[in-house]
Amino acid sequence: MPPRVCDDYWSEFRHCKSLWNRFHHYYTHGTSPSCKQWKVDYRNCSEWEKHKTTEAKEALQASERCRVAEQRKFPPVWNLRKDPPRDWNLPLNQGKPQD
Amino acid sequence: MDQTKQEEEYGYDLFPERNSPKYKKGSFAENLFTFNHKCQIMLQVATDTSPYAKLLLSAMKSSGCKIFKDRHFSCEDCDGTVSGGFDAASSQIVLCQNNIHQQSHMTRVVTHELIHAFDHCRAHVDWFNNYRHLACSEIRAANLSGDCSFSNEVARLNFGLKEHHQECVRGRALRSILAVRKISRVEAEKIVDEVFDTCFNDHAPFGRIPHSNKDAKFANREYESRDRYYANL
């Protein structure tokens with residue numbers, strides 16, 4: 001099945017094109033947002049769902065993988081943990097002197 | 001003497017109630033003489049209704065750091081104009097009950113501090129010794145919490161439009177670092193510059209910069225369907 005519900009692509013497209021979003025994009029990045037890809041993804045998603053077209057499926061997956069790659073473009077400043085901090089739930093010691 | 005010096009070095013002097021609360025917790029005096037009760041109510045409203053807070057709470061739970069209000073939040077009187085803080089030593093978010101008087105402010109502070117808590121939970125953040133780590137988390141918190149929204153900036157009389165959000169994030173991250181660490185402005189600016197690109201573009205767990213509750217709701221929707229998403233890439 002597609003990575004997202006097809007309607008989600010359409011609502012992201014509409015949200016992207018909205019005046020509100022265009023304003024915020026300019027305020028953040030100094031440019032107009034590019035919303036075309038959401039519309040393309042919506043078409044490919046519908047095509048995949050209705051007709052199980054391989055090209056549509058591959059195009060959509062490529063587009064989403066690109067989005068994921070965009071989010072991971074820069075090397076992180078810190079090392080990620082494998083487990084959460086051990087003292088997260090330890091009881092508080094009121095009045096304990098700082099280390 | 002050593003403890004005082006350390007308190008100042010790490011910004012604990014802004015939070016005098018961390019080590020010695022003025023009134024006993026839950027006491028009548030606490031309720032009468034402080035804004036503790038109001039703070040607790042506003043905190044509840046923020047965690048129940050804000051899509052920003054709800055997403056962060058979900059993400060933290062999935063990362064193994066479930067938040068328990070009584071354990072991980074503390075409403076206290078603080079110094080000066082600081083609104084809140086994250087105390088990594090006790091894994092607590094401090095909310096400055098004497099400085100937060102509006103719900104929208106509370107929601108923003110809760111979101112900001114939850115971002116720090118989320119970073120603490122998912123990464124080895126060396127809060128006390130690594131200024132790059134501190135700067136990174138401050139950049140992320142200013143970027144993603146709504147601190148730098150157009151309306152908040154206008155309310156501070158900072159009028160700017162094109163890419164002003166980035167300017168605001170830089171400025172607020174710088175201020176936050178200078179408030180809690182004894183380093184020079186020039187040094188702090190250098191550190192913020194070094195990590196800015198990486199940290200400004202790290203939008204976890206939102207996946208985008210949420211500029212409004214609608215953005216945050218979209219981000220929530222994405223987060224809740226992440227299993228399906230990654231399984232079908």
Legend entry - Proximal lysines to residue A:50, defined as alpha-carbon separation beneath 18 angstrom and excluding residues fewer than eight positions away on the same chain: A:39
Inset, instruction - May I ask you to find the residues of segment B:122-163 that are shielded by at least 50 Å² of accessible area once the whole protein assembly is considered instead of their isolated chain (probe 1.4 Å)? - result: B:122, B:124, B:150, B:161, B:162
Inset, instruction - Would you grab the residues whose amide H sits under 5 Å from the one on residue B:123? Only those 5+ places off in sequence or on another chain, please, with H modelled 1.01 Å from N. - result: A:81
Inset, instruction - If a cysteine in chain A has no other Cys Cβ under 4.7 Å from its own Cβ, put it on the list, ordered by number. - result: A:66
Inset, instruction - Answer rounded, prolate or oblate for segment B:116-228, using the Cα gyration tensor with square roots of eigenvalues a ≥ b ≥ c: rounded when a/c is under 1.5, else prolate when a/b is larger than b/c, else oblate. - result: oblate
Legend entry - Estimated distance in nm for a label pair at residue B:162 and residue B:38, the labels positioned 7 Å out from Cα along Cα-to-Cβ: 4.3
Inset, instruction - Pick out, in residue order, every one of the chymotrypsin sites (Phe, Trp or Tyr not before Pro) in segment B:106-165 that is DSSP loop and has at most 12 other C-beta atoms within 10 Å; say none if there are none. - result: B:159
Legend entry - 13 Å Cα-Cα reach of residue A:36 towards aspartates and glutamates, excluding residues that sit fewer than 8 places from it in its own chain: A:12
Inset, instruction - Work through the residues other than residue B:84 whose Cβ is under 11 Å from its Cβ and net out their charges, Lys, Arg +1 and Asp, Glu -1. - result: -2
Legend entry - Accessible area of chain B divided out per residue, in Å², using a probe of 1.4 angstrom: 46
Legend entry - Förster-model FRET efficiency, 30 Å R0, residue B:204 and residue B:129, C-beta, rounded to 0.05: 0.85
Inset, instruction - List the residues whose amide H sits under 5 Å from the amide H of residue B:75, counting only those 5 or more places along or on another chain, with H placed 1.01 Å from N in the peptide plane. - result: B:95
Legend entry - Rounded to 5, percent antiparallel among DSSP beta bridges of the protein assembly as shown: 55
Inset, instruction - Would you kindly derive the ³J(HN,Hα) couplings of segment B:97-106 from the backbone phi angles with the Karplus curve 6.51 cos²θ - 1.76 cosθ + 1.60 (θ = phi - 60°), listing them in order in whole Hz, with x for Gly and Pro? - result: 4, 7, 10, 10, 10, 10, 4, 4, 5, 4
Legend entry - Mean Cβ neighbour count within 10 Å, used as a protection proxy, ranking A:1-8, B:19-26 highest first: A:1-8, B:19-26
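The values are calculated or read from the model by the stated rules, or taken from the named source; none is laboratory data. From a predicted model like this one, the values you see are computed outputs, not experimental measurements. Positions of Cβ are backbone-derived with ideal geometry, glycine not excepted, and every protein chain shown enters the neighbour counts. Only protein heavy atoms, including side chains, enter the accessible area calculation; ligands, DNA and RNA are left aside. Shrake-Rupley method; radii C 1.70, N 1.55, O 1.52, S 1.80 Å.
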